[in-house]
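Notes follow once the structure below has been shown.
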Amino acid sequence: MTEPVTKISDSAQFAAATQVSRETLVRLNQYESLLKVWQPRINLVANATLADVWNRHFYDSAQLVPQLPGGGGKLVDLGSGGGFPGLVLAILLAESGNLGAEGGLMASQSGAGAWAVTLVESDSRKAAFLREVARQAGVAVEILSIRIENPETQAKLSKADVVTARALAPLSRLLHLAFPLFGSQTVGLFLKGQNAQAEVEAARAEWVFDASLLPSVTAADASIVVVRGLRRK
C-alpha cells in the first residue's frame with residue numbers, strides 16, 4: 001500500500017476516495033445509522049471513534065480490498081465485533097463488479113470474482129447487530145456466534161482464501177486462531193497498530209511465515225500485516 005494517510009470525514013469523501021457505487025454508499029449509510037443506534041446499548045466501537053466512523057472504521061476496513069487476491073473466494077473475518085473489517089468488506093464486495101475503475105482503493109476489484117464472507121463473533125449481542133446490518137443492507141454474509149478456538153468452529157469454517165482481523169489479539173495469538181483456516185495459498189490480512197513489527201518478530205518464535213508490512217492509509221503509525229505460508233515451527 002503506497003497511498004498517503006488520508007482523512008475521510010464523511011460519506012462524500014469516502015465515495016471520492018474509493019469510487020464505490022451509489023448502492024454501496026447507501027448500504028454504508030445504513031450501517032452508520034445502525035451503529036449509532038446500537039452503540040449506547042452495546043459497546044461496538046470505542047465511543048471516541050463514533051464521530052469518526054467513515055475514516056476510523058469504514059475507510060480503515062476498505063483499505064484491505066486492494067490486497068485481496070483476484071478471482072474471488074472465501075473470506076473469514078475473526079472476532080468481527082462491530083463488523084470491522086469483515087462486514088464492511090462484505091458490503092464493498094457485494095457489488096464488486098459494478099465498482100468504478102477510474103482510481104481509488106476499489107479499482108483493483110472491478111470485475112473480480114464472487115466472495116463468500118463469514119464473520120465469526122462469539123458475543124451474541126454483537127452478532128445480532130451484524131445480522132441486522134446485513135439484513136437491512138441486503139448483503140449475503142454468514143455470521144457465526146461461536147468461539148474461534150472451538151474445534152466445532154474450525155470444522156465449520158474449513159480452509160479460507162483470506163483471513164482478516166482487527167484489534168483481536170497479538171499476532172502470535174492471532175496466528176494460533178487463524179492457523180486451522182490456512183491452506184497453502186491462504187493470505188492473512190491483519191490490521192495492526194504501532195507495534196506491528198515487534199508483533200511479527202515475537203510471532204516468529206512459534207511460527208514460520210512470510211510477512212510484509214504495508215502502511216495504513218488511515219494512521220501514520222499503523223500497518224497491514226500480510227501473512228503467507230503459515231506453518232508451525
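None of the figures in this text is laboratory data; all of them are computed from the coordinates on show. Keep in mind the model is a prediction, meaning the values are calculated, not measured. Ideal geometry is used to build each Cβ from the backbone, glycine not excepted, and the neighbour counts take in all protein chains shown.
Odds and ends about this structure:
- Signed unit charges on C-beta, dipole axis of the range 11-232, positive-most listed residue Phe179, Val208, Leu64: Phe179
- Förster-model FRET efficiency, 22 Å R0, Arg231 and Ile146, C-beta, rounded to 0.05: 0.30
- Cα Rg, Dmax, the range 10-86, angstrom units: 13.1, 39
- Formal net charge of residues neighbouring Phe179 (Cβ-Cβ distance under 14 Å; K, R +1; D, E -1): +4
- Where labels lie 7 Å past Cα in the beta-carbon direction, separation of Arg135 and Arg173 in nm: 3.2 nm
- Rh by Kirkwood over Cα pairs, then Stokes-Einstein D for the chain at 0.692 mPa s and 37 °C, µm²/s: 186 µm²/s
- Computed packing ranks the peptides 24-37, 51-64 as 51-64, 24-37, most packed first, by mean other Cβ atoms within 10 Å.
- Formal net charge of residues neighbouring Ser33 (Cβ-Cβ distance under 13 Å; K, R +1; D, E -1): 0
- DSSP bridge orientation in the chain - percent antiparallel, rounded to nearest 5: 40 percent
- Solution diffusion estimate, µm²/s, Stokes-Einstein, the range 112-221, Kirkwood Rh from C-alpha pairs, 20 °C, viscosity 1.002 mPa s: 138 µm²/s
- Length gained on full extension, Asn43 to Val5, computed as 0.36 nm times the residue gap minus the Cα-Cα distance: 11.0 nm.
- A DSSP coil position with no more than 15 other Cβ atoms inside 10 Å describes the following GluC sites (Glu not before Pro) in the range 110-209: Glu149, Glu206.
- Charged-residue dipole, Cβ positions (Lys, Arg, Asp, Glu), the chain about Cα centre, Debye nearest 20: 500 debye
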